[in-house]
Amino acid sequence: MSASWTIGSQNQTSELKNYSLPGIISYLSEHCKSIEIERTHWLVEKKQLTEKVAQLEGENKSQDNIIKDLTRRIKMLEYSLRQERIKYAKLTGGHHRVNSDVITSILSRDEKNGEGSANAPPKHKTRAHRQLLSKYLQELGLDDIFSGDLPPRPSLTHHRSSKSYGSGIQALIEPPEVENKPIPKPEPVKSSSIIEEKSKRLWELKATLKSHMDGVRSVYFAPKNGILATSSEDCVIKLWDISNYESLNESSFFEPYFTLRGHKGPIFCSTGNQIGNEQMLYTAGKEGNIRVWDLRPSNEIDTYSPGPDRGCCVGVWASHNEPVWDLQHHPVDNLLLSVSSDGVTKLWKTIDSRTSIENWVEGRASSNLLKNYTFPISDDDFHTPTCCAWIMTELNSFVVGYTSPFLNIYDNQTGKPTIIKFVKEQNAPLATYQINSIVTDPNHSLAVSGHEDKHIRFFDLNSCTCIKDLVGHTESVSSLLMDKYGNYVISGGHDGSLRFWDMRNYQCLHEIPAHRKKYDEGVFSIAQHQNLPILASGGADSLVKLYNMSEE
């Protein structure tokens with residue numbers, strides 16, 4: 001027994017000799033590392049499960065909101081149907097006070113008439129069925145198709161302002177009131193007060209122009225000669241002959257008759273005017289220079305002649321140090337506005353091609369610059385002008401939009417600014433409300449602006465206040481266009497769609513999916529011909545689309 005104890009003690013002594021202080025420390029450190037790795041895995045798994053729980057809770061909450069919204073809409077529809085039935089009961093019963101008892105009595109009367117007509121001659125039975133069918137058609141909101149003894153339906157056309165397109169919910173919440181007076185014969189309503197279906201404008205795709213290699217930033221219709229100029233980020237300007245646009249269709253093979261080259265960077269904007277018999281075009285972009293072109297119709301240009309013989313550039317104006325974002329020519333005078341990233345809005349005097357060439361040759365690049373306008377408030381934020389427009393009711397003034405929630409109205413003679421601030425939130429970043437496009441009403445002191453936050457805002461320039469705020473696009477609003485009568489506004493957004501708004505009731509008439517998105521950009525520019533029913537849009541998908549206006 002003593003021998004076995006001696007052998008066991010020797011084994012323990014040998015095992016103890018194998019352990020050392022560095023080995024123990026190494027073992028403990030490895031064990032701590034394994035514990036930390038397991039703890040890290042556990043934390044990662046816990047975070048994933050927490051995120052999954054939060055996602056499921058969010059989905060559950062969104063489903064609850066959808067159910068509540070659908071329930072609310074169903075109640076609105078039920079309420080509207082009850083109001084229609086009450087209105088019908090009042091028209092057929094002639095009572096001044098209508099309640100559910102009246103409805104019950106009328107329905108029971110119809111049933112009795114139906115039962116009594118079972119034994120009647122076939123003629124009376126058919127008449128009763130026609131009256132019952134007319135009643136059902138009226139409840140569904142359809143026009144009468146039978147000429148019976150039922151009273152005529154009154155003209156109940158209502159148009160209310162709305163903050164978003166396609167909003168018919170307000171009409172369900174506020175049912176039309178029916179007066180207790182005898183129903184007069186409906187009279188025709190003038191189209192100047194409300195929208196009639198006969199005068200509703202619809203735009204249908206006419207042709208797609210494919211020639212640019214990059215996004216089309218600007219489109220411009222020349223007033224004469226049937227010229228469409230498209231400017232792109234591929235640094236070129238293409239001229240299209242649209243004098244025979246009526247013969248175009250979606251399958252037409254249509255190419256530009258001339259390409260203008262000279263810019264060394266992407267082109268962002270273009271505008272034009274007519275001086276005498278010359279049709280001038282002004283373009284600018286990333287390089288900061290404004291190039292002046294003499295537009296010639298297709299019958300005056302030989303596309304395949306040598307380059308120097310067909311050059312159209314008649315001048316280069318150099319004054320901006322950074323990219324130019326917008327150009328707007330005065331509707332009457334020979335004046336041009338340009339806004340740039342350098343924070344300056346410049347007023348230029350436009351001249352004929354001969355004088356422009358002389359200044360260009362002699363190196364006087366900014367000889368026709370008249371004035372510079374800068375943001376009147378000096379604060380920590382840099383307010384970059386992004387767009388501008390002449391005020392059509394006061395042609396000596398123009399309005400400028402910025403990357404911040406400000407509009408400035410300038411007098412081009414005195415240079416005195418008037419500041420309009422339209423957002424009162426203090427914590428929101430200024431770039432959220434960047435103005436991408438602005439147009440003015442030809443008949444009223446009204447400006448319409450499209451913003452980065454998907455809103456379209458209407459401003460009264462007399463009171464310097466925002467009077468309406470619309471939301472329709474799912475992405476930022478990039479371009480705006482107002483027709484020459486001031487009745488409609490066309491908006492383009494980076495969601496790739498065009499929306500047509502009625503200025504008289506602030507409602508969206510219809511929507512067109514115009515361009516495909518590219519790098520989160522959709523529609524860049526829209527323009528309408530001054531005399532022809534043609535609309536053009538340029539997008540990030542390098543396409544130019546022509547639409548023909550029709551009325552229904």
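Measuring between alpha carbons in the structure, the pairs from LYS286/LYS545; LYS286/LYS518; LYS224/LYS518; LYS46/LYS68 lying more than 28 angstrom apart are LYS224/LYS518; LYS46/LYS68. In terms of packing, defined here as the mean over residues of other Cβ atoms within 10 angstrom, the peptides 489-499, 27-37 line up highest first as 489-499, 27-37.
Average accessible surface for the stretch 37-92: 85 Å² per residue, computed with a 1.4 Å probe over protein heavy atoms with every protein chain in place. Cross-link check: pairs LYS61/LYS517; LYS349/LYS468; LYS349/LYS517; LYS421/LYS454; LYS206/LYS468 evaluated at a Cα-Cα cut-off of 29 Å; pairs beyond the cut-off: LYS61/LYS517; LYS349/LYS468; LYS349/LYS517; LYS206/LYS468.
Each of the peptides 233-240, 62-69, 527-534 was scored by the mean count of other Cβ atoms within 10 Å over its residues; in descending order, highest first, they stand as 233-240, 527-534, 62-69. With the whole protein complex present, VAL332 retains an accessible surface near 100 Å², based on a 1.4 Å probe. When only Cα pairs below 8 angstrom with a gap of at least 6 residues are kept, the stretch 461-531 shows a relative contact order of 27 percent.
Taking all protein chains into account, the per residue accessible area for the stretch 246-359 stands at 45 Å² (1.4 Å probe). Give the shape of the stretch 429-535 as rounded, prolate or oblate, defined through the alpha-carbon gyration tensor: a ≥ b ≥ c are the square roots of its eigenvalues, a/c under 1.5 means rounded, and otherwise the shape is prolate if a/b is larger than b/c and oblate if not. Oblate shape, in that a/c is at least 1.5 and b/c is the bigger or equal ratio. So how far, in whole Å, is the C-alpha centre of the stretch 429-469 from the one of the stretch 509-533? Using only Cα atoms to place each centre, the spacing works out to 19 Å. Counting only protein heavy atoms and a probe of 1.4 Å, the accessible surface of the stretch 504-551 is 44% carbon and sulfur. Peptide packing: for 393-399, 456-462, the average count of neighbouring Cβ atoms within 10 Å per residue gives the ranking 456-462, 393-399, highest mean first. Using a simple spin-label model with points 7 Å from Cα along the Cα→Cβ vector, what separation in nm is obtained for ILE35 and ASP483? Placing both labels 7 Å beyond Cα along the Cβ direction yields 7.9 nm.
The values are calculated or read from the model by the stated rules, or taken from the named source; none is laboratory data. Since this is a predicted model, take the numbers as computed values, not measurements. As a convention, Cβ positions derive from the backbone with ideal geometry for all residues, glycine included, and neighbour counts pool all protein chains shown. Areas reflect the complete protein model, heavy atoms only, side chains present, ligands, DNA and RNA absent. Shrake-Rupley method; radii C 1.70, N 1.55, O 1.52, S 1.80 Å.
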